[in-house]
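Everything on this sheet refers to the single structure shown next.
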Amino acid sequence: MSELHARIAGIGRYLPDNVVTNDDLAKIVDTNDEWIRERTGIATRRIEEDPEKGAAYMAAEAARVAIDRSGFAPEEIDTVILSTATPDRFLPSTACDTQAILGLPNAMALDLTAACSGWLYGLTMGEGMIASGRSKATLVVATEKMSGIVDWTDRATCVLFGDGAGAVVLAPANGDGTGIVSSFHCSDGNLGELLWRPAGGNICPMTPQTLENRDHLLKMNGREIFKSAVRSMAQACDEALSRAGMTGEDVDLLVPHQANIRIIQATAKYAGIPMEKVYVNVDRYGNMSSASIPVALDEALEDGSIQPGMRVLAPTFGAGLTWGAVVLQF
Ligand code: ACO
């Protein structure tokens, strides 16, 4: 096994209280519980109703728990890497807003945009900061208020997503054998328009026309994304496992990005991991973009699905397209 540089010192999550069922959605778009469950595996999702509670609020709630559990004082956190596809505002970063809420006076804070893959990308970048000696305690937080960017008139997308946040504090490996074992990441910008928000940036600024077309909201080619997701998660599993000197048989728990149960099943099958060893919460939360994996890890630790000594494989994919996987030793 390769040398460990960084370990997870603390982990936390935040989920809004408000539960939205498939039947609730059937009241606003032409859909039904059976279709959503069968095609996606989703039964409920959490939606943050309070407009005052944005991505930074949710990030801070999750991060506060992670920092408390890490044993680090807020003053000791020196780096904040925040993944979001749903920033509260274009400038400044949601990371800086989160830093202000938490009171982290000695940290540099930045946003990272890699859609659903953002938290895993952030984990690897945080690991690099720790390995180089530039950071002693890096907060890697993912926060997604997807309800703010989905088109609530589009049944093909609005049923898929939910709100939530997850965070870890990374610290230098301490010789106890736990930490980030390996990682693999990749992107393909040629496929950007499979999942995107066409309007609102420099090239296509928001106008009354783009607003009327709802072009500032999420658009997705579901079928193509599905195919790319299965392909890229398979590659990510292969690469991360081979870099760890492992095969699927060595994995104690697969904690994949939670976009669709069928994508999760296909990934598990490809990696040779039985579904009993797969952590699933897409049924309860839908797709929380980059927050999906840290929320799942926190829950799995809490409910005992992850025990000391276990090896976890976490693959992801998302808009960009972006994809990747990490192997973690607990
Ligand atoms: N309720 C009822 N019918 C629906 C709904 C709905 N909510 N949505 C679509 N349909 C209809 C379609 O209109 C279509 O009808 P038609 O045959 O009359 O045209 C029919 O259902 C089948 O539609 P498909 O798109 O072919 O359905 P599919 O089986 O591919 O499932 C889905 C669609 C669930 C979106 C699937 O393609 C998928 O999961 N794709 C990946 C999505 C994803 O993972 N996105 C996020 C990735 S990146 C990130 O996480 C940010």
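The values are calculated or read from the model by the stated rules, or taken from the named source; none is laboratory data. All values reported here derive from a predicted model rather than from experimental measurement. Heads up, the Cβs are rebuilt from the backbone with ideal geometry, glycines too, and the neighbour counts pull from every protein chain shown. In case anyone asks, the SASA skips ligands and DNA or RNA and just uses the protein heavy atoms, side chains included. Shrake-Rupley method; radii C 1.70, N 1.55, O 1.52, S 1.80 Å.
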* Report whether or not LEU211 is open to solvent by 40 Å² or more (accessible area, probe 1.4 Å), within 16 Å of the ligand (Cβ to nearest atom), in the same structural domain as MET310 (by TED's automatic domain parsing) and of a type in the set (A, V, I, L, M). => no
* To do: Output the strands (runs of 3 or more DSSP E) that fall wholly within the stretch 6-62 and possess 3 or more residues being modelled with pLDDT of 95 or more and hydrophobic (A, V, I, L, M, F, W, C), or say none.
  => 6-14
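If you check VAL278 against the conditions, is it touching a strand residue (DSSP E or B) at 6+ places or on another chain (Cβ under 6 Å), β-branched (Val, Ile, Thr) and closer than 18 Å to GLY318 by Cβ? Talk me through it step by step, then tell me what you get.
Working: touching a strand residue (DSSP E or B) at 6+ places or on another chain (Cβ under 6 Å): yes; β-branched (Val, Ile, Thr): yes; closer than 18 Å to GLY318 by Cβ: no.
Considered against the rule, which asks whether it is touching a strand residue (DSSP E or B) at 6+ places or on another chain (Cβ under 6 Å), β-branched (Val, Ile, Thr) and closer than 18 Å to GLY318 by Cβ, VAL278 comes out as no.
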* Asked: What residue, of ALA142, ALA167, is part of a strand (DSSP E or B), in contact (Cβ under 8 Å) with a residue 24 or more places away in the chain and more than 13 Å from the ligand (Cβ to nearest atom)?
  -> ALA167
* Asked: Can you name the condition, by its number, that MET206 falls short on among (1) open to solvent by 30 Å² or more (accessible area, probe 1.4 Å); (2) in contact with a His (Cβ under 9 Å, 6 or more places away or on another chain); (3) within 23 Å of LEU123 (Cβ to Cβ)?
  -> (3)
